[in-house]
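To start, the structure itself, in structure tokens.
The values are calculated or read from the model by the stated rules, or taken from the named source; none is laboratory data. Keep in mind that this is a model prediction, so the values were computed, not measured. When we count neighbours, we look across all protein chains shown, and the Cβ atoms used for this are built from the backbone with ideal geometry, even at glycine. Keep in mind that these areas ignore ligands, DNA and RNA; they rest on the heavy atoms of the full protein, side chains included. Shrake-Rupley method; radii C 1.70, N 1.55, O 1.52, S 1.80 Å.
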Amino acid sequence: MSSDAKSIIPKFTELNELAGLSNGGQVIFSTDDWFATAENMLKDTEPVFIADKFTDCGKWMDGWETRRKRIPGHDWCIVKLGAPCNIKGILVDTAFFTGNYAPRISIQGACLSEYEESQLPIRQSKMGSACSIEEVQQISQLRTECWTELVEMTSLKPGYEDTRKTYISVDTNEVCSYIRINIYPDGGVARLRVFGTVVPDLTQFDQNDIIDLVAMENGGTCIGYSNAHFGHPRNLIKQHRGVNMGDGWETMRRLDRPAILEADPNGILKVPGCEWAIIKMCCLGYVKEVVVDTLHFKGNFPDSVKVEGTILSTGETLSSAKWLTIVGSQKLSANKEHFYKNEIHHSGPFSHVRVTMSPDGGISRVRLFGNKAE
């Protein structure tokens with residue numbers, strides 16, 4: 001593992017983010033939450049700073065900040081990830097923590113059994129608090145200090161704009177459902193992002209089960225796109241419906257649109273360009289229903305959408321793939337779920353799908369419900 005140059009955003013940040021609250025990330029345990037609770041690290045929003053905001057515990061900060069440690073040891077917390085995954089990279093952001101950032105960090109990981117999960121303490125998230133003796137005794141049964149080291153002790157820098165972000169590559173085949181974040185000895189971290197590929201247990205589904213073949217939690221992964229100016233297309237496959245307009249895939253306005261727009265007999269705009277995103281399905285599968293959700297996109301939804309599928313043979317690349325139409329061009333509406341079942345032309349099997357919007361705009365979520373193939 002190695003710390004990447006701060007000026008270069010690593011390729012691993014294109015993968016699914018597994019620690020965010022909207023992706024199912026959850027704080028299970030924390031040694032200390034005095035100035036700010038550990039849940040703040042998992043917020044999907046960018047950190048903010050409010051200069052004159054204080055609480056009874058001290059300065060309000062948008063992150064996880066522990067008190068100045070006056071006893072032996074260091075602070076740490078346990079985070080449950082949105083799905084079991086193979087972690088490829090970490091982003092640690094100390095934004096606005098300038099004189100109070102955590103000087104060092106390390107991260108460990110493990111995949112817990114159902115029994116081990118049942119031994120976890122019930123989380124009481126409260127500013128101005130610390131873990132109880134009972135919680136420490138309960139969590140100690142899992143021996144989290146012995147979990148696999150994913151990130152060795154790494155120095156962090158203060159939360160100024162040019163030093164706040166530390167990218168760390170992770171080189172392991174370990175499958176993790178939980179991580180332990182250690183800060184040495186105390187201090188603050190604004191945000192933590194965990195990037196990787198979901199490793200689903202598809203044995204729980206048989207060929208008659210209807211599943212979302214592109215859902216992140218089932219192993220779907222966005223592997224390419226044309227434009228992500230306002231929102232990354234990996235948001236399309238997140239859990240639940242979008243929380244706001246920033247929680248979706250949104251492109252910039254295409255500059256090749258005609259000055260005066262015209263429509264074809266079906267009401268679909270005649271434009272030369274489009275935007276696309278390619279998603280690797282969780283497994284080879286047959287598509288039975290497609291759902292395209294434009295929730296929150298009211299003045300900027302696409303005019304139309306098209307969904308295609310392909311199956312890649314060994315050694316074949318996406319550039320040479322032959323795409324078949326799953327759902328042909330369909331007119332979209334604002335802030336609405338669109339369901340396509342009778343409109344399906346080809347059901348597969350497919351290993352990858354391509355979602356094409358025309359000419360540009362934003363889509364909140366895409367679901368492809370179907371069966372896994374043999």
Item to check | Prolate/oblate/rounded call for the stretch 87-215, Cα gyration tensor, a/c under 1.5 rounded | outcome: oblate
Checklist entry - Is the stretch 142-242 rounded, prolate or oblate when judged by the Cα gyration tensor, a ≥ b ≥ c being the square roots of its eigenvalues, rounded requiring a/c under 1.5 and prolate requiring a/b larger than b/c? => result oblate
Checklist entry - Roughly how many percent of the accessible protein surface of the chain is carbon and sulfur, given a 1.4 Å probe and a whole-percent answer? => result 51
Checklist outcome for this item: Sorted by chain and number, the residues with a modelled amide H under 5 Å from that of Ile28, at a separation of 5 or more or across chains, are Ile78, Val79, Lys80
Item to check | Most to least accessible of Arg234, Arg365 (protein chains only, probe 1.4 Å) | outcome: Arg234, Arg365
Next on the checklist: For the stretch 100-175, what are Rg and Dmax over the alpha carbons, in angstrom?
Outcome noted: 15.8, 44
Item to check | Contact order normalised by residue count of the chain, Cα under 8 Å, 6+ apart, percent | outcome: 19
Next on the checklist: Mean-square fluctuation check for the chain, GNM, Cα pairs under 10 Å: which of Thr314, Thr45, Thr37 is largest?
Outcome noted: Thr314
Checklist entry - Local charge sum around Asn300 (other residues, Cβ-Cβ under 15 Å, Lys/Arg +1, Asp/Glu -1)? => result -1
Item to check | the stretch 100-204: GluC sites (Glu not before Pro) falling in loop per DSSP and having at most 10 other Cβ within 10 Å | outcome: Glu161
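Counting Lys +1, Arg +1, Asp -1, Glu -1, what net charge surrounds Thr310 among other residues with beta carbon under 15 Å of its beta carbon?
Its environment carries a net charge of +2.
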Next on the checklist: Before I look further, what does the stretch 199-347 give for accessible area per residue, probe 1.4 Å, in whole square angstrom?
Outcome noted: 52
Item to check | Listed pairs Lys59/Lys126; Lys11/Lys336; Lys280/Lys306 exceeding 23 Å between Cα atoms | outcome: Lys11/Lys336
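Around Thr144, with a cut-off of 15 angstrom between Cβ atoms, what is the net charge of the other residues, counting Lys and Arg +1 and Asp and Glu -1? The partial results should precede the final answer.
Numbers: positive: Lys80, Arg123, Arg143, Arg180; negative: Asp75, Glu116, Glu117, Glu135, Glu145, Glu149, Glu174.
It works out to a net charge of -3.
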Next on the checklist: Using each residue's phi in the stretch 23-36, evaluate 6.51 cos²θ - 1.76 cosθ + 1.60 at θ = phi - 60° and report the 3J(HN,Hα) Karplus result to the nearest Hz, with x for Gly and Pro.
Outcome noted: 9, x, x, 8, 7, 9, 7, 8, 5, 7, 9, 4, 7, 7
Checklist outcome for this item: the chain, Gaussian network, Cα under 10 Å: of Asp293, Asp303, Asp201, the residue fluctuating most is Asp201
Next on the checklist: Please compute the volume of the convex hull spanned by the alpha-carbon atoms of the chain and report it per residue in Å³.
Outcome noted: 162
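Which of rounded, prolate, oblate describes the stretch 190-270, given a ≥ b ≥ c as roots of the alpha-carbon gyration tensor eigenvalues and a/c under 1.5 marking rounded, otherwise prolate only if a/b is larger than b/c?
Judged from the Cα gyration tensor, the stretch 190-270 comes out oblate (a/c at least 1.5, b/c at or above a/b).
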